[in-house]
Amino acid sequence: MNKFNKLAIFAAITLSAVACSQNDEPMAQTDHFPADGVIRVAADVNKPQTRAGMTTDNLSDFFMYVENPLETTGKYTYFVKIKKDGGVWKSYNPQGDSEIAQGLTASEKVMLWQNKMNPVNVTAFRIPNNVVASTWAQEHKISIEKDQTQQENMEKSDILYMLKKSINPATDLTVEGKMKVQLDHFFAKLNLTLKLGTEFNLQPGGTTSNIIEEVRVCGTSTDVMWELDKPVMTNNFTKPDDIRPFAANYTAGEADTKMAEAKYECIFIPQSVPNTYANAGTPMVLPPNFLINIKIGGKTYAWESKNTLQFTHNTQYNLTLNVGKDAITLGGFSILPWGDGGSADIETE
């Protein structure tokens, strides 16, 4: 059975600056608190190590909940949609379905710090194509695209999330006086490498172009109910379905010396597979194992994990399969953080 090494990354960044007085007095910390008391945002996405998915460059909006735990009346607590306007992040009142359908312009919402000493709790998330109102913490149906062959569909499937974090305006603001929002990739990602046996190079037409007609990643649920203020999804999954991944890169093979190599990527919901929490339908059937189906020349090849796999948040899984004319063998299986960082291997039989 696979044994996963749990991987956790903790990063803490403290920004500080010093200034000298004209009298050469001891240095003091520079005050980055904005003079007008307005909460402004600087947003960033943990950089993906692979091709497709959300990045800082293509992020255009996200939701943010700012809670002032010291103000009992609810003043200085906000739920807003943050949008990029002319390269600047601005906050707006979230719109409902009817407002969006009518094409009404969202109204800007100015957020204020209570003072420069009181910290606030901040939660941020990006859920594409979802309308999230003031009842944001309730359950929402979250889905990934089943057809991820187009890069835009991968971006639609890439949910970003910042766990509730305490931000102190006295110490945690950037040098521009902004609140730093660091978004992580909330889902899991599969980087699939298919190495084609050299016998395919010797067939008519060879492997100059990709001879793989279709790839399907099977056995994971593609929908789940999620309470957005909780960092885990544990139940209320839909019946498992197939995902068609994005073709990221292809390298041709050569004669009997070099295997052709095709790389694919897809985003999926973190879960255990077989997923015993999934709705198996009527009549009830056992949840399926994790399965990769590959179609070449009208023939379907399959690799199936006989073990339970645990896929976790903000994690990439690198799976390499060797595809021969008669069988598929496992070439390697490892995990690493989705953003920049180290890596760790999974043991496989």
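The values are calculated or read from the model by the stated rules, or taken from the named source; none is laboratory data. Note that the structure is predicted; figures quoted are calculated from it, not measured. Heads up, the Cβs are rebuilt from the backbone with ideal geometry, glycines too, and the neighbour counts pull from every protein chain shown.
Does Asp256 fit the bill of being under 18 Å from the mean Cα position of the chain (by Cα), over 20 Å from Gly332 (Cα atoms) and in contact (Cβ under 8 Å) with a residue 12 or more places away in the chain? No: the conditions fail for Asp256.
Scanning the stretch 187-234 for residues that are touching a strand residue (DSSP E or B) at 6+ places or on another chain (Cβ under 8 Å) and surrounded by fewer than 17 Cβ atoms within 10 Å (Cβ to Cβ) turns up Ser209, Glu213, Glu214, Met225, Glu227, Asp229, Pro231. Name the single residue, out of those in the stretch 143-200 being among the basic types (Lys, Arg) and within 23 Å of Leu336 (Cα to Cα), that is farthest from the chain's Cα centre (by Cα). The qualifying residue farthest from the chain's Cα centre (by Cα) is Lys195. The requirement of being outside any loop (DSSP other than H, G, I, E, B), touching a residue at least 12 places away in the same chain (Cβ under 8 Å) and polar (S, T, N, Q) is satisfied by Thr220.
Being in contact with a strand residue (DSSP E or B) (Cβ under 8 Å, 6 or more places away or on another chain) and part of a loop (DSSP other than H, G, I, E, B) is true of Asp172. Restricting the first member to the stretch 302-325 and to residues that are closer than 24 Å to Gly197 by Cα, and the second to residues that are of a type outside the set (A, V, I, L, M, F, W, C) and assigned to a loop (DSSP other than H, G, I, E, B), the beta-carbon pairs closer than 8 Å and six or more apart or on different chains are Glu304/Asn289; Ser305/Asn2; Ser305/Asn289; Lys306/Asn289; Asn322/Gly197; Val323/Gly197; Gly324/Gly197; Lys325/Gly197.
Inside the stretch 117-151, residues that are over 17 Å from Lys164 (Cβ atoms) and touching a Ser or Thr at 6+ places or on another chain (Cβ under 7 Å) make up a count of 5.
Thr105 satisfies every condition listed in (1) exposed (fewer than 12 other Cβ atoms within 10 Å of the Cβ); (2) at pLDDT 90 or above except (2). Scan the stretch 87-112 for residues that are in a loop (DSSP other than H, G, I, E, B) and either touching an Asp or Glu at 6+ places or on another chain (Cβ under 6 Å) or farther than 21 Å from Asp36 by Cα (or both) and jot them down. If the condition is that a residue be in a loop (DSSP other than H, G, I, E, B) and either touching an Asp or Glu at 6+ places or on another chain (Cβ under 6 Å) or farther than 21 Å from Asp36 by Cα (or both), then Pro94, Gln95, Gly96, Gln102, Gly103, Leu104, Thr105, Ala106 are the ones that fit.
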